[in-house]
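J.: Sending over a structure as structure tokens; questions will come in a sec.
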Amino acid sequence: MFQWEGVTEFVAVAETESFTAASKRLGISTAQVSRQVSALENRLNTKLFYRTTRKVSLTEEGSVYYQHCRQVLDGLEEAERALSNLRGTPQGLIKLTAPVTYGEKYIMPLVNDFMLQYPELEVNIDLTNRQVDLVEGSFDLAIRLGRLTSSSMMAKRLTTRTMYVCASPAYLAKFGVPHSLSELRHHNCLIGNLDHWRFQESGKEKSVRVTGNLNCNSGYGLRDAVLKGIGIAQLPDYYIDKDLDSGEIVPILTNYQEPEEGIWALYPHNRHLSPKVRMLVDFLAEELPKISHYDV
């Protein structure tokens, strides 16, 4: 009879390349993961991993064994999905991550609405601006803003955002309105997570490095500085839509504005979306475009 002990731990270590990361994924101690994997190697009489102080990697035998174990686990997940489909009601755990501000304002309220529809769900949300590793953290889903950098993830576009370079009327009255990208070097540009801003010039992307006396990783902090006439900033629409409509903040360099960027749901390539996760993604894709930025 097949003995299951150690297989889940082995797969977790293989996919995270770390006993510590595997223990965090499984919610058990590193020592327990190590014991289970060692016991599995002893039972198989086969070395499954090369271990160094810096890295854990699969042996040739371990790689073969992993492929078969992964298929078994995928089969179990398929079985659970089949049962969930029979029941017709999503239940169990969904683990997702999203950026802090966008997650608080838009994702969390919709997830809460989704949970009201399906009270048998359990949701674990990590709001962070770090680009967390979905496989290592055992996340089902991530919400990402703007351009995607990872080709190892599947992505579904949920909605869009527009980036504005903007300033207050008071700042522009005092320091003038820039009409070309080269003029930005004469202005106090308030810096967020990046020290360069992206534009489109003659149909081509152009990146402009900017400088200023404020560097802040908070969109609301930059918005407040713009409102108070301290300088110019590049901000997404969901921070400043009300201010643009009221005229308290003015868009500038609109001839160089980039097209809309996507807001995405990401999930690992090697995972099939369970029905509950797919239903949540579809729900977000349906509801996010309906939300006026003024509603939250």
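J.: Give me a count of the residues in region 239-266 that are assigned to a loop (DSSP other than H, G, I, E, B) and touching a strand residue (DSSP E or B) at 6+ places or on another chain (Cβ under 9 Å).
T.: The qualifying residues number 6.
J.: Further question on the same structure: Consider region 227-245. How many of its residues are crowded, with 17+ Cβ neighbours inside 10 Å and within 26 Å of R130 (Cβ to Cβ)?
T.: The qualifying residues number 7.
J.: Is one or more of the residues making up region 221-229 of a type in the set (A, V, I, L, M), at pLDDT 90 or above and in a strand (DSSP E or B)?
T.: Checked region 221-229: no residue is of a type in the set (A, V, I, L, M), at pLDDT 90 or above and in a strand (DSSP E or B).
J.: Sticking with this structure for a sec: Give the residues of region 246-258 that are open to solvent by 30 Å² or more (accessible area, probe 1.4 Å) and either more than 24 Å from H187 (Cβ to Cβ) or of a type in the set (A, V, I, L, M) (or both), sorted by residue number.
T.: Scanning region 246-258 gives a single hit, V250.
J.: Moving on to the next point. Which ones in region 199-211 are under 24 Å from Y102 (Cβ atoms) and part of a loop (DSSP other than H, G, I, E, B)?
T.: If the condition is that a residue be under 24 Å from Y102 (Cβ atoms) and part of a loop (DSSP other than H, G, I, E, B), then V210 is the only one that fits.
J.: Considering only region 179-198, I want to know if a residue exists there that is open to solvent by 40 Å² or more (accessible area, probe 1.4 Å), part of a loop (DSSP other than H, G, I, E, B) and free of Cβ contacts under 8 Å to residues at least 12 places away in the same chain.
T.: Yes: region 179-198 contains one or more residues that are open to solvent by 40 Å² or more (accessible area, probe 1.4 Å), part of a loop (DSSP other than H, G, I, E, B) and free of Cβ contacts under 8 Å to residues at least 12 places away in the same chain.
J.: What number of residues within region 1-31 satisfy the criterion of being assigned to a helix (DSSP H, G or I) and free of Cβ contacts under 8 Å to residues at least 12 places away in the same chain?
T.: Of the residues in that region, 4 qualify.
J.: Here are some residues: V123, V132. Which one is in contact (Cβ under 8 Å) with a residue 24 or more places away in the chain, within 14 Å of the chain's Cα centre (by Cα) and farther than 30 Å from Q200 by Cβ?
T.: The unique qualifying residue is V132.
J.: Right, another one. When the residues of region 135-149 are narrowed to those that are touching a Lys or Arg at 6+ places or on another chain (Cβ under 9 Å) and open to solvent by less than 50 Å² (accessible area, probe 1.4 Å), which ends up nearest to I94 (Cα to Cα)?
T.: D140
J.: Mind counting the residues in region 280-296 that are at pLDDT below 90, of a type outside the set (K, R) and either over 26 Å from the mean Cα position of the chain (by Cα) or in a helix (DSSP H, G or I) (or both)?
T.: Qualifying residue count, region 280-296: 1.
The values are calculated or read from the model by the stated rules, or taken from the named source; none is laboratory data. Just so we're clear, the structure is a prediction, and the values are computed from it rather than from any experiment. Cβ sites come from the backbone with ideal geometry, for glycine too, and all protein chains shown count toward neighbours. Please note that ligands, DNA and RNA were not included when accessible areas were found on the heavy atoms of the full protein model with its side chains. Shrake-Rupley method; radii C 1.70, N 1.55, O 1.52, S 1.80 Å.
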